[in-house]
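These notes are about the structure you will find just below.
Every number in this text was worked out from the coordinates using simple rules, so none of it is lab data. Keep in mind that what you see is a predicted model, and the values were worked out from it rather than measured. With ideal geometry, Cβ positions are generated from the backbone for all residues, glycine too; neighbour counts draw on all protein chains shown.
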Amino acid sequence: MNMTHKCGVFLWWALAATVLCVASSSISAGAQSTQTHVNDVAPTPHTPDGHPDLNGIWVSGRGAGGPGLIAEISPDGKKRDVYFKSVSPNPEENRKLGRAQGASRPKDPNQPVYKTDLVAKVQQLASDPDHTDPSFTCQPAGIPRMGAPSQIVQTPGQVVFLYATNAFRVIPMDGRPHRKDLDPSYMGDSVGHWEGDTLVIDVTGLNDETWLAPGGYFHSEALHVTERLTRQGNTMRYQATVEDPDVLTKPWVMNPKTLNLGGADDALVEDVPCKDLDQSHMPRGVN
């Protein structure tokens, strides 16, 4: 074998070894990256009594004190951001923003199904939300429209829900039944229990002065809401099921929402009070 041929063989083997080394390094790095990604999934912490720890600020997007998006899973399994929390210091601007967002939002196919003789009432209410939607006259959103809490304070005997709208709920966890001596209210009467790792809250005693959701979806005082919250790592899944035999033909299982655990610097701030100054200036029949 001459010198030129020997050099060619040597260079071929050197190039092959280099390619194999690079490929081996890439495979190793890829496996390490995948393993690192898996390890990034936080374990679900538990309280001393063995239940998932739900304590903390729960948000999505930029935090509890600023604009944020709540991720909603639609019936087809696709994730989308559907709610923007405005923090304008002007309540009128907040309501205008809410109306504009509601008008531009695509119609969700997952809606409560009303009895045939009540569909016209839903349509009538939905045709003039500026004058019929309780939220536009500073009424509390009520349950389930107010959605998931912004902060949870959890103890063995009770769970406290705090909302960015300055509202709160104290939910007993000691197995007591619903109270019978309460008048219907916006928050109703809530009692909670655990089903495995899911916190289940049963709500009754709700008044009929709120809507289930934008779109004229009214309800009666027979409303019964079941909320379920499940923490996995640093995310929490919230879903509510609505039953109202007086107006609905079947239970309405609302789209689940996924929230993220807030950071150490996140905190609830006092919400700007709502003052209704718009009603007298709104023409009828204009959305």
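Inter-label distance, H193 to R176: 1.6 nm, where each label sits 7 Å from its Cα along the C-beta direction.
Applying the Karplus relation 6.51 cos²θ - 1.76 cosθ + 1.60 with θ = phi - 60° to the range 114-122 yields 3J(HN,Hα) values of 9, 4, 3, 6, 10, 4, 4, 5, 4 Hz, where x marks Gly and Pro.
Under 17 Å from a point placed 7 Å out from the Cα of K121 along the Cα-to-Cβ direction: which residues of the range 210-235 have their backbone N that close? Hits in the range 210-235 for K121 at 17 Å: 210-224.
Counted by neighbouring Cβ atoms within 10 Å, the residues R237, R231, R179, R169 run from fewest to most as R179, R237, R169, R231.
Kindly rank 217-223, 193-199, 129-135 from highest to lowest mean number of other beta carbons found within 10 Å of each residue. List each step's numbers first, then the result.
Details: 217-223: 19.7, 193-199: 14.0, 129-135: 18.0.
Packing proxy ranking, top to bottom: 217-223, 129-135, 193-199.
3J(HN,Hα) along the range 138-152, derived from phi through the Karplus expression 6.51 cos²θ - 1.76 cosθ + 1.60 where θ = phi - 60°, amounts to 6, 6, x, 5, x, 9, x, 4, 5, x, 6, x, 8, 8, 10 Hz, with x in place of Gly and Pro. Rounded to the nearest whole Hz, the Karplus-based 3J(HN,Hα) values (6.51 cos²θ - 1.76 cosθ + 1.60, θ = phi - 60°) of the range 171-183 follow the sequence 10, x, 10, 9, x, 5, x, 5, 6, 9, 9, 10, 6, with x at glycine and proline.
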